1. Apply the a/c threshold of 1.5 to the C-alpha gyration tensor of the stretch B:79-166 and tell me whether it is rounded, prolate or oblate.
2. Can you give the Kirkwood hydrodynamic radius of chain B from its Cα pairs, in Å with one decimal?
3. Working from Cα positions, state the angle (0 to 90°, nearest 10) between the long axis of helix B:251-261 and the longest principal axis of chain B.
4. Which angle from 0 to 90°, rounded to the nearest 10, does the C-alpha axis of helix B:385-395 make with the longest principal axis of chain B?
5. Going by how many other beta carbons lie within 10 Å of each one, how would you line up A:309, B:388, B:406, fewest first?
6. Hey, could you get me the Stokes-Einstein D for chain A, Kirkwood radius over alpha-carbon pairs, 37 °C and 0.692 mPa s, rounded to whole µm² s⁻¹?
7. Regarding the stretch B:60-215, what is the average projected area of its C-alpha convex hull, in nm²?
8. May I ask you to sort B:350, B:384 by Cβ crowding, counting other Cβ atoms within 10 Å and putting the fewest first?
């Protein structure tokens, strides 16, 4: 067979379209800051290069490399905590000369990769012993990341692992018990939250209670969206962002600017695009032919959706302000690379399928 | 995938597909929730929010708090805030930046460096924000700008409080400095807590005590017109100023120590043994922290980085040196404690070298002709190497490492500064881990503080203070108290015990004190030079750390060795011996011998602490008091 480029076209085009949208809205949200838009473009371009590269790798190779990727990730996390206190206090980075690198980003892929590998070896549904082992494997990196401290990423890594467990057929009884446990533990967790974190949760119940502090983000974000109406105010016409009412308008709250400028029509288009990407990713998981690929693809799909949902939920005021960026769109952070690498894995799984169907 | 039975494969497929189906339903439901909410906001409530958006005239403007001040133990200001006029630009409101800067250049002096760092900041800070083009405008310049201000769109003249270190580089390695908030800083802080603030502690105490120093940002609710311009203030929540820090450091002692080390690379750490209070924390060369406050210009930064003396390195905290003969006092105590439990003839005849049985390799004594008959006391006083070679063999490497660990070597001291180095305490287990065997020769050189062992000047000072405190090791602390600048409510930080040296016989401390005192006051003591006119009793120990190995049979020749390869000079001491008030460790890089280069520096620091200045010329204390200086 002649060598061909392994790419899943529907997914690829949807991602490119999303990237184009993100550049347009970032240009507006950053008040026409060309440097910012260009930096975002460079990150996207780099991300797509990684995506294309990863997509050419055979899933078997991915599977074999899982323990190594995971192991290296854990070692790097330990290094960050221990010796690698590189850039004056910001403990998330490891420096290699001019390059900087966040091991916690690697773990966003490393953790589901490892869990898929581990659970696929034992057959489905996983035995209680294997469930315990899997929990250990996901909680170790999550705890290390939380220790940095980077709670947001820690929770995402933990969630990506939980998705693998869920898809592997974790018993419903176990999930029920875990849910009850979580509810019981909530007051304890509450106790460990910082004041500002508590405020953000309380704000959700009544944003007007603290309109200058933590409620301010939510109020301004909702005003931005609501004032956009059906047709929006038009590109570059967001008053909320340009008159500086909306903080973090090019990062966590970029979707509010999007909704203000493009209205419901734009929002529906964006949600449809995110929905399509999620659906396509889940379909790839469905078509995948071995347990490892299925679990991994499913987890990547659901993690992507989770980030999207948490961010939009925060922008529309139904979730607390937690600082999760909108995948692909939010400026800054090094997560675009990881995200697109994940989609590269999906494409690898999709395009390296054996032709034989059972 | 095909190595599992088909039946299992189908079963796994079924399980997975069921779960994927559930997840799909979940995804659809959650998307629906979002859509319902969005339709609610954008269609049903649209008019309400459109009105709010139109009427959005009240904007919260953050009001930055004043950063806490830093004082020395006597109230001398080490870090303060200075109101300065800064010329700031909101880049998003400027059409032609180059034209604007050219226009401003005609009004005030703007260097190329100013412009460069401004443009760098514009690139780094994506958000709608004031970016300073020049700071420290004088009254004239400010007036010239103020007159033209209505014509200069996007330009603002602000009076801002800016960090200033009035004593320049004094104690810069302890204080650290503040700098502009960078993108990396933004990732680790709560951004809302820093709105309106432009600086953050980057290093040293400014970094370690950021949470106390920063204060809380206030807020002004400002009414604006439809273009976002401020009209009037409606309400104001005042900021809460940061807390003032009081240090244990005495600026005068610090200055004396820095002057004593001036022109050399080295470190001095002085500690109050009973409390762990750090009286002086010196690393030289120093540099001026003020240069970093507004972002140092690249040329000056380059110069600091390229300086062969590496002023940016914090030698007291991060410099790791072989302790040389200073370790002999710790092993001396181990010797006293071991007593008859080890096989050691304590009357050693030193011929100037030592060989292990069955080996021809010679471990030399620094004194080629040897010290003759020496006991432990004489071995410490004259720093005889051969005695300690023999002692090391008798004690064994594990015991030696364990004993040094009691004094805090090989561990962080727990000082209130970030990123402390813990040195290196080698042991057979440590070497095994690196896949290398431990040779008897390793034990021998460890006996005189050479080989892979590394200590920081801070650790040396803590260990010396531990001796002075008879085994009780206090955690070194730079900060003694913090207070609310308004209410003056003051919180004193309590000293902490970091460890304890277990001794069988407390009288052994007295013997060790006598040994160390004779180093300074004894006729043959290696540091007798600084004991001659001391009006108080000093206990000390000299040390010399080899920088470059010397071949078998060759001699170290200071004159013909390039400066960078000369030995490091070390000295540790505490005083007064009867009731120690200061313990000090001095390291002079490539300084040569500890007695000549390091001990006089320690003496000046102790004089400053105990006498408040240089000692008056007096006859030698030993001659006056006639105290016996023998041990045991």
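Readers should treat all values here as calculations from the given coordinates under stated rules, not as data from a laboratory. What you see is a predicted model; the values in this text were computed from it and never measured. Here Cβ is always computed from backbone atoms with ideal geometry, including for glycine, and neighbour counts include all displayed protein chains.
1. Details: a/c = 1.66, a/b = 1.22, b/c = 1.37.
Judged from the Cα gyration tensor, the stretch B:79-166 comes out oblate (a/c at least 1.5, b/c at or above a/b).
2. 28.8 Å
3. For B:251-261 against chain B, the angle is about 60 degrees.
4. Approximately 80 degrees, to the nearest ten.
5. Values: A:309 22, B:388 28, B:406 19.
If I rank by nearby Cβ atoms, fewest first, I get B:406, A:309, B:388.
6. 153 µm²/s
7. Result: a mean projected hull area of 10.3 nm².
8. Placing the least packed residue first, the sequence is B:350, B:384.
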